[in-house]
1. With every protein chain left in place, what is the accessible area per residue of the chain in square angstrom, probe 1.4 Å?
2. Can you pull out the trypsin sites (Lys or Arg not before Pro) in the range 18-114 whose DSSP state is coil and whose Cβ has at most 12 other Cβ atoms within 10 Å?
3. Just for the chain, what percent of DSSP beta bridges are antiparallel, to the closest 5?
4. Pop a pseudo-label 7 angstrom from the Cα along the beta-carbon direction at both residue 74 and residue 204 and give the gap in nm to one decimal.
5. Treating the beta-carbon of each Lys and Arg as +1 and of each Asp and Glu as -1, no other charges, what is the dipole magnitude of the chain about its Cα centre, to the nearest 20 debye?
6. Once you put a point 7 Å from the Cα of residue 7 and another 7 Å from the Cα of residue 45, both along the Cβ direction, what distance in nm separates them?
7. Can you give me the Rg/Rh ratio for the range 1-102, using Cα atoms for both radii and the Kirkwood formula for Rh?
8. Which residues make up the longest stretch of the chain clear of GluC sites (Glu not before Pro) that lie in a DSSP loop with no more than 16 other Cβ atoms within 10 Å, not counting the sites?
Amino acid sequence: MTAAVSTVLTARALLLDMDGTLVNSDAVVERVWRRWAERHGLDGDEVMKVVHGRQGHASMALLLPERSVEQNLADNARMLAEETADMDGVVAVPGAPEFLASLRGLPHALVTSADVPLATARMAAAGLELPEVRITAESVGASKPDPEGFLKGAAELGVAPADCVVFEDSGAGIAAGRAAGMRVVGIGARAGLYGPDVTVADLTRVRVEGLADGGVRLRVG
């Protein structure tokens, strides 16, 4: 559901998810995870309900609870390599290039469940500049919906969690932002199902303004 009127938020920093928020990678995510589901005799539609926003091994732990952590981590490494090699259909979310350009000089960080090679490859495939501060799979011990990634992003930027605004598209990511005590802007139709503070169709509906005190004003909608 798209916000009907503009919502104004002020923050000290912005924390940005990647997949579904800055980069549309749904095509490759569908391909890779549906193949994985078929290999394991699982229903592809049910698998796709789980995987968005989480690290792969965390999704596997939910879908195949009897498997060992070691098996899931090994399988996850193979999946990441498969995803990193497949950039077909990976494009920027509408408005993402302009949105990132508007953040230059303002406090912001990428907080993604992807690892460094996958995040680097997908942002490049979408023609997007990587933020200087990046929290990736290697940076955390717990996947979204755990808030660790967002809390680390806030700490790296030296900003209190309550002064951060998260941009997310998935249920796991929105839950992580909420658990971190942050406000959440939902991007895309999927996000609207999970109760962010405000939801917009894409990043063309977001305007960013730097404030004299170093803060950020957002107009969303």
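The values are calculated or read from the model by the stated rules, or taken from the named source; none is laboratory data. Computed from a prediction, not measured in an experiment: that's the story for all the values here. A quick note on method: Cβ atoms are made from the backbone with ideal geometry, for glycine too, and the neighbour counts reach across all protein chains shown. These area figures cover heavy atoms from the full protein model, side chains too; ligands, DNA and RNA do not enter into them. Shrake-Rupley method; radii C 1.70, N 1.55, O 1.52, S 1.80 Å.
1. I get 43 Å² per residue for the chain.
2. Here the sparse-neighbourhood loop sites are 104.
3. Of those bridges, close to 40 percent are antiparallel.
4. About 4.8 nm separates the two model spin labels.
5. Computed charge dipole of the chain: roughly 500 debye.
6. 3.0
7. Using Cα coordinates only, the ratio equals 1.06.
8. 133-221
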